[in-house]
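Let me begin by presenting the structure, written as structure tokens, before commenting on it.
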Amino acid sequence: DSYIKFIRRNSLGIVIPIVIITFAIILILLFLWSRIVVNRLQKLKLKVDNMNNEKFYVAKSKYEFDDEIMLLDKTIDEMKEIILSQDKYKSEMYQNISHDFKTPITVIKSYIEAYHDGIEPYDEVINVSEEQIKKLENKFSNQTEDIKKIYNDSFEGYDSSNNEKVRNVCTSRII
């Protein structure tokens, strides 16, 4: 009987500190793990906030895990590349459209100036103007259709092979 009381007293003295130490270690590990996860999520938020910034770069984390956050990180990087390439394409398209509209207008203006200066006859100015206006109408019509295609395709989800085909068709028509 006294031996059992002795074991109970001593075992409680041993078990309680072990439970407290184990609980403390688990709390420390949970705290460290949560800090790592929160830091990774903050980097993702920073990437998303600066997605349109071509020069923005977030260094790779020293903790590389093959998990959902890493998958999300890779997906955000892919989205950034897609957005930047589409922005570049959009800029090129606007430049081409601007050029395509300015060229016929410039030709018409130069023929009108030549007519005022007495260099070109009136009939030639009218013929060239009509020809340039027809070219302008055709380019406007083709480019409007291309823009509609791009707009409609953008709501169907991103398919890189389909998007590349549309870009090639649009680029060949615009140029």
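The values are calculated or read from the model by the stated rules, or taken from the named source; none is laboratory data. All values derive from a computational prediction rather than experimental measurement. Ideal geometry is used to build each Cβ from the backbone, glycine not excepted, and the neighbour counts take in all protein chains shown. Please note that ligands, DNA and RNA were not included when accessible areas were found on the heavy atoms of the full protein model with its side chains. Shrake-Rupley method; radii C 1.70, N 1.55, O 1.52, S 1.80 Å.
Would you mind getting me the FRET efficiency between Met51 and Asn152? Use the beta-carbon distance for r and R0 = 30 Å, nearest 0.05. So, using R0 = 30 Å, E works out to roughly 0.80. Here the label points at Leu41 and Ile25, each 7 Å from Cα along the C-beta direction, are separated by 2.7 nm in the simple model. Computed with every protein chain present, the accessible area of Val128 is close to 20 Å² [probe 1.4 Å]. Kindly provide the GluC sites (Glu not before Pro) of segment 89-158 that DSSP labels as loop, not H, G, I, E or B, and whose Cβ sees at most 13 other Cβ atoms within 10 Å. Answer by residue number: Glu156.
Summarising the amide proton neighbourhood of Glu120: residues at separation of 5 or more, or on other chains, whose placed amide H is nearer than 5 Å comprise Tyr115. Multiplying the residue separation of Glu124 and Leu12 by 0.36 nm and removing their Cα-Cα distance gives an extension gain of 29.3 nm.
Note on Ser85 and Thr144: with the Förster distance fixed at 30 Å, the Cβ-Cβ geometry gives a FRET efficiency of about 0.85. Rounded to the nearest 0.05, what FRET efficiency do Ile97 and Asp66 have when you use their Cβ-Cβ distance and R0 = 41 Å? Computed FRET efficiency for Ile97 and Asp66 comes out at 0.35. Plainly put, segment 56-147 has a radius of gyration that is 1.42 times its Kirkwood radius, both from alpha-carbon atoms, as the Rg/Rh ratio. The aspartates and glutamates within cross-link reach of Lys135, meaning a Cα-to-Cα straight distance under 15 Å and a gap of 8 or more places when in the same chain, are Asp100. With the charge dipole of segment 79-158 set up from +1 on Lys and Arg Cβ and -1 on Asp and Glu Cβ about the Cα centre, the Cα lying farthest toward the positive end among the listed residues Leu84, Val107, Thr144 is that of Leu84.
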